[in-house]
Ligand SMILES: Cc1cc2nc3c(=O)[nH]c(=O)nc-3n(C[C@H](O)[C@H](O)[C@H](O)COP(=O)(O)OP(=O)(O)OC[C@H]3O[C@@H](n4cnc5c(N)ncnc54)[C@H](O)[C@@H]3O)c2cc1C
């Protein structure tokens, strides 16, 4: 190790930013050098994408600049990560090679619409920030017809988000007085709405969407998309506008490094360690098993919690303290109703070695908390 240990963080999203800030809040620049690398120089809380669709936000007023990190003596490099050389403790980016003493891999997941034949030509990727204004325009110009929201792979980011999208779209159509002329259909490969939240919360979410005449179709495994038609393994469905959540995979760099096998994610335990010393992986790029059939969902709140746990353990190591802690698996996800209220799915993934979940009442107070959640992260991290 060099005199001042160098922590290199790959990815400036939820996980990367929480780790960098936790480290810097505890250690000065004479104790640790921190570098964050990301190919883009902005950060956005994922749920703001849905507000761009419903027109209460623009892209520009929903982002924070990663260049702000330098004010906290956190180096930020905007560049593409090309290779992780775990043997030589080196990361190759377009402009240079960077060596590390500690490495945190928080590169998120990659949306892979190309894996579904016909999707790119015939539907929209609901999670693509470049498509949000176009999706909004299409919804606003619709007078009648069928909107299909289709989950095309599991696991995907923020399991409640597509349901929330359906409720916000329902609200947009209601406000224009055309809701009765537009059907909203929701297709999922899962047997229940939110498998990770368990049957009781799933039933409540089903009741919530049904109460707005959104039709949930379970166990619909997608095969391909044709013009105005979804082809499932067990049937077909027509649509006029398709909003898809495409399959998620890990970045290519991760498969090339050998840390994960295509199309999966980096397997970790609650200490977020990889088989390589001082190399950690957190957030959406990982798979953390809770039970034999269930993993921690891909959500910012969990990437953030894992980042804090990893940072605390690195701080202990740098200060020669032996205080290993584990990610606690606790978090909450908002679900907006489209009626100016929100509920929170409260989750404890490792309570008595199985997840415990609870859906709170939908209140305007929770919607305020959602806005504060975003504001707090943008202001404390950047
Ligand atoms: C519509 C929507 C709503 C959501 N709502 C919620 C919510 O209410 N609550 C919640 O907790 N979560 C929510 N999420 C999920 C949340 O956004 C993600 O789970 C979270 O961002 C994961 O954090 P991460 O740090 O693992 O990855 P990310 O935040 O995706 O960060 C990964 C970073 O790595 C960078 N990167 C990847 N590859 C490279 C490369 N080769 N070179 C350089 N940089 C690279 C990317 O540019 C990216 O900035 C939502 C997501 C969406 C899409």
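The values are calculated or read from the model by the stated rules, or taken from the named source; none is laboratory data. No experiment lies behind these values; they were computed from the predicted model shown. Here Cβ is always computed from backbone atoms with ideal geometry, including for glycine, and neighbour counts include all displayed protein chains.
Within segment 121-131, can one find any residue that is touching a strand residue (DSSP E or B) at 6+ places or on another chain (Cβ under 7 Å), at pLDDT below 95 and away from the ligand (no atom under 16 Å from the Cβ)?
No, segment 121-131 contains no residue that is touching a strand residue (DSSP E or B) at 6+ places or on another chain (Cβ under 7 Å), at pLDDT below 95 and away from the ligand (no atom under 16 Å from the Cβ).
Given the options 321, 339, name the one that is under 23 Å from residue 274 (Cα atoms) and more than 12 Å from the ligand (Cβ to nearest atom). I'd like the intermediate steps shown before the answer.
Working: 339 fails: under 23 Å from residue 274 (Cα atoms).
Answer to the selection: 321.
Only one residue in 234, 278 is assigned by TED's automatic domain parsing to the domain that holds residue 12, away from the ligand (no atom under 16 Å from the Cβ) and over 24 Å from the mean Cα position of the chain (by Cα). Which one?
278
Does residue 288 count as modelled with pLDDT of 95 or more and within 30 Å of residue 4 (Cα to Cα)?
Values: modelled with pLDDT of 95 or more: yes; within 30 Å of residue 4 (Cα to Cα): no.
The answer is no for residue 288.
Is it the case that some residue within segment 171-179 is away from the ligand (no atom under 16 Å from the Cβ) and crowded, with 19+ Cβ neighbours inside 10 Å?
Yes, there is a match, as at least one residue in segment 171-179 is away from the ligand (no atom under 16 Å from the Cβ) and crowded, with 19+ Cβ neighbours inside 10 Å.
With the requirement that a residue be more than 17 Å from residue 5 (Cβ to Cβ) and part of a helix (DSSP H, G or I), what does segment 292-344 give you?
Selection gives 300, 301, 302, 303, 304, 305, 306, 307, 308, 309.
Which residue out of 241, 208 is closer than 25 Å to residue 333 by Cα and either in contact (Cβ under 8 Å) with a residue 40 or more places away in the chain or touching a helix residue (DSSP H, G or I) at 6+ places or on another chain (Cβ under 7 Å) (or both)?
None of the others qualify; the one that does is 208.
Out of the residues in segment 89-112 that are more than 23 Å from residue 275 (Cα to Cα) and in a loop (DSSP other than H, G, I, E, B), which is nearest to the ligand (Cβ to nearest atom)?
94
Name the residues in segment 216-229 that are in a strand (DSSP E or B), within 25 Å of the chain's Cα centre (by Cα) and within 13 Å of residue 185 (Cβ to Cβ), would you?
Initial filter on segment 216-229 (in a strand (DSSP E or B)): 216-217, 222-226, 229.
From what's left, within 25 Å of the chain's Cα centre (by Cα): 216-217, 222-225.
216, 217 - these are the residues of segment 216-229 that are in a strand (DSSP E or B), within 25 Å of the chain's Cα centre (by Cα) and within 13 Å of residue 185 (Cβ to Cβ).
Among the residues of segment 157-167, is any over 24 Å from residue 61 (Cα atoms), assigned by TED's automatic domain parsing to the domain that holds residue 63, within 15 Å of the ligand (Cβ to nearest atom) and buried (at least 18 other Cβ atoms within 10 Å of the Cβ)?
Within segment 157-167, none of the residues are over 24 Å from residue 61 (Cα atoms), assigned by TED's automatic domain parsing to the domain that holds residue 63, within 15 Å of the ligand (Cβ to nearest atom) and buried (at least 18 other Cβ atoms within 10 Å of the Cβ).
Evaluate the following for residue 289: is it closer than 17 Å to residue 157 by Cα, surrounded by fewer than 15 Cβ atoms within 10 Å (Cβ to Cβ) and more than 11 Å from the ligand (Cβ to nearest atom)?
For residue 289, the condition - closer than 17 Å to residue 157 by Cα, surrounded by fewer than 15 Cβ atoms within 10 Å (Cβ to Cβ) and more than 11 Å from the ligand (Cβ to nearest atom) - is met.
Do you know which of the residues in segment 24-44 that are buried (at least 20 other Cβ atoms within 10 Å of the Cβ) and within 8 Å of the ligand (Cβ to nearest atom) is nearest to residue 368 (Cα to Cα)?
43
Among the residues of segment 247-267, write down those that are more than 12 Å from the ligand (Cβ to nearest atom) and surrounded by 16 or more Cβ atoms within 10 Å (Cβ to Cβ).
247, 259, 260, 267
Suppose the filter is at pLDDT 95 or above, within 13 Å of the ligand (Cβ to nearest atom) and more than 26 Å from residue 302 (Cβ to Cβ); does residue 79 pass it? Before the answer, list the steps.
Numbers: at pLDDT 95 or above: yes; within 13 Å of the ligand (Cβ to nearest atom): yes; more than 26 Å from residue 302 (Cβ to Cβ): yes.
Judged against the criteria, residue 79 is a match.
For segment 185-207, which residues satisfy the criterion of being crowded, with 22+ Cβ neighbours inside 10 Å and within 24 Å of residue 240 (Cα to Cα)?
186, 187, 188, 193
Among the residues of segment 360-380, how many are touching a residue at least 24 places away in the same chain (Cβ under 8 Å) and either away from the ligand (no atom under 14 Å from the Cβ) or under 18 Å from the mean Cα position of the chain (by Cα) (or both)?
8
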